[in-house]
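Heads up, the thing below is written out as structure tokens.
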Amino acid sequence: MDNSVVIHDGDFELEDASSSWRQKLPRIASDPSLCSTAISEEDASEHAKDNGKESFKSFTADEERVIVRKLDRHLVLFIAFLYMLSFLDRSNIGNARIAGLTEDLNLDSSQYEWLLTSFYCTYITFQWMTLLYGIVPAHIYISLATLTWSLTACLQAVASSFSSMLVLRALLGIGEAAFSPGIPFLLSFFFKREELAFRTGLFISAAPLATSFASSLAWLITKVAYHVHISAWRVLFLVEGFPSIIVAILAWYQIPDTPDTARFLNQREKKIARLRLSKERHTGKGTMSKKSKLDWQEIREALTDVKCWITACMFFSCNVAFSSLPPFLPTIVHEMHYSALASQALSAPPYFVAFLVVLVTAFLSDRSQNRSYYVIFHALLGGFGYLSIAIGGMLRADSRWRYAGVYPAAAGFFSAITLILTWTINNQNSDSKRGTGVVMLNLLGQFGPLVGTRLYPDSDKPYYVKGMAVCSLFMFLVALLAWWLRRLLTRENENWTEHEEAIGEGEDEALVDENGLRTKARFIYIV
């Protein structure tokens with residue numbers, strides 16, 4: 001029997017406290033030395049005796065690091081792999097276009113744009129499904145979502161007309177809306193606020209990696225397809241969509257619903273994984289309970305929170321740039337007078353660089369516990385990248401100038417999106433608010449692609465000056481909104497400090513409920 005209680009990070013965390021323990025709380029809360037040391041074995045034995053049940057052992061930083069590494073290996077990397085597959089199936093229509101899709105289906109520029117738009121229409125409409133992550137077991141929900149989009153992606157290979165492809169793209173949007181928008185919300189059930197940006201970065205970085213991989217794979221498939229009797233774009237959809245079907249089956253067994261159901265953690269590690277997050281949750285638990293429910297009052301509070309609307313506007317602006325470039329980059333490179341095969345190959349390197357930049361940025365943001373400066377920097381980086389492409393087009397500059405501008409543009413908007421997602425989750429103090437914040441972010445944010453996918457009409461060939469200039473302006477707007485949000489959050493934190501100084505430290509005793517758990521605490525915004 002383990003006869004000690006949890007003391008972690010200077011906060012008193014106690015489950016099922018007896019009356020004898022509650023009598024000691026005022027003394028413990030008022031004496032910092034007691035809060036930073038372990039409770040004696042004698043006291044712990046008294047607690048266990050009074051309650052007739054086993055309490056949890058305190059845990060070390062080394063034990064916590066082992067658990068985080070296991071979560072990274074078994075959960076985050078698998079989720080990132082799933083997202084890579086989903087983004088591959090979403091964005092490969094750009095590679096299919098220059099592999100003969102538009103010619104075989106007799107699509108004009110407007111019809112091709114509608115294929116892109118139909119995906120985002122359903123993707124936006126079904127954003128509310130993010131809230132289901134708190135209700136439906138994750139391993140069931142993600143497996144079904146993955147199977148839905150993967151089957152749809154494969155069926156694109158047999159499309160014979162514009163209308164059939166339009167329907168399939170709309171169904172693909174539903175499947176992916178059920179999966180990817182809620183992943184940062186799911187990760188918040190397993191990781192602390194200060195750990196979330198890097199894990200979100202690992203997840204988001206799969207997008208540029210997928211785009212890089214898609215371009216390389218498309219180059220190979222296009223090259224091989226010249227020697228067979230099947231259209232290259234049909235082979236492309238089939239080869240890139242089929243692996244997701246296999247992975248959907250693996251997801252059922254691999255993805256845990258909560259730390260308590262993680263197959264890769266032993267019993268003690270499950271307890272530590274839950275308890276290490278307890279001070280960030282009102283319930284004293286690190287995850288949503290198995291009988292989760294939505295708190296409609298908290299949902300209403302999130303809907304009227306200006307901070308949620310600012311991050312949603314930032315996400316919208318980023319998505320204008322984010323959605324427009326991947327489907328059109330192979331075409332843009334091709335219009336720079338490179339061959340179709342060379343265009344597929346040259347589309348890969350900018351996204352691989354973006355993949356590396358996202359990981360470094362997310363790591364540094366978590367390390368410094370700062371979001372705003374990194375969002376502002378990368379928004380400006382992306383803005384100047386798009387601006388250089390636009391200026392190069394206006395001046396009819398060498399194609400290498402315009403191609404070079406793709407690197408900062410891609411690195412900028414991918415990194416900014418990663419931190420905006422994390423920032424939204426960081427600054428809500430309950431599961432219902434976090435889920436609502438993510439839904440708002442995606443509902444408004446995903447209207448960005450409806451703008452972005454229409455910025456490159458054939459009439460603007462080959463330089464697309466207008467589209468690049470518009471993307472540049474939206475990225476600069478992201479920097480401005482990030483600066484505004486930082487000002488708001490800094491003011492909120494300062495108001496908290498002034499309030500604490502006014503009431504004095506003794507009021508902290510009132511933050512312990514009848515079970516000996518801290519029910520209310522200062523919520524510090526990450527700026």
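Structure data summary
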read-out	value
Rounded to whole Hz, the Karplus (6.51, -1.76, 1.60) HN-Hα couplings of the stretch 437-451, x for glycine and proline	x, 5, 4, 4, 4, 7, 4, 6, x, 6, 6, x, x, 5, 7
Two-site FRET efficiency, Ala404 against Arg268, from Cβ-Cβ distance with R₀ of 51 Å, rounded to 0.05	0.45
Estimated vicinal HN-Hα couplings, Hz - the stretch 99-104 in sequence order (Karplus 6.51, -1.76, 1.60; Gly, Pro = x)	9, x, 4, 5, 6, 5
Computed accessible area, Ser278, all protein chains, 1.4 angstrom probe, square angstrom	10
With all protein chains modelled, accessible area of Tyr407 [1.4 Å, Å²]	60
Environment charge at Tyr373 (Cβ cut-off 14 Å; Lys +1, Arg +1, Asp -1, Glu -1)	+3
Difference of contour (0.36 nm per residue) and Cα-Cα distance, Leu395 to Leu473	26.2 nm
Residue-count net charge about Leu441 - beta-carbon cut-off 13 Å; Lys, Arg +1, Asp, Glu -1	+2
Residue-wise HN-Hα coupling along the stretch 63-80, computed from phi with Karplus coefficients 6.51, -1.76, 1.60 (Hz; x: Gly, Pro)	4, 5, 5, 4, 5, 4, 4, 5, 4, 4, 5, 8, 9, 5, 5, 5, 4, 4
FRET E, pair Gln111, Leu220, Förster distance 25 Å, beta-carbon r, rounded to 0.05	0.35
Placed amide H near Leu277: partners under 5 Å, 5+ positions off or other chain	Gly286
Formal net charge of residues neighbouring Phe264 (Cβ-Cβ distance under 9 Å; K, R +1; D, E -1)	+2
Rounded, prolate or oblate (a/c below 1.5 giving rounded, otherwise prolate when a/b exceeds b/c) for the stretch 391-477 by Cα gyration tensor	prolate
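The values are calculated or read from the model by the stated rules, or taken from the named source; none is laboratory data. A quick note: this is a predicted structure, and the numbers were derived from the prediction, not measured. As a convention, Cβ positions derive from the backbone with ideal geometry for all residues, glycine included, and neighbour counts pool all protein chains shown. SASA here: full protein model, heavy atoms, side chains in, ligands and nucleic acids out. Shrake-Rupley method; radii C 1.70, N 1.55, O 1.52, S 1.80 Å.
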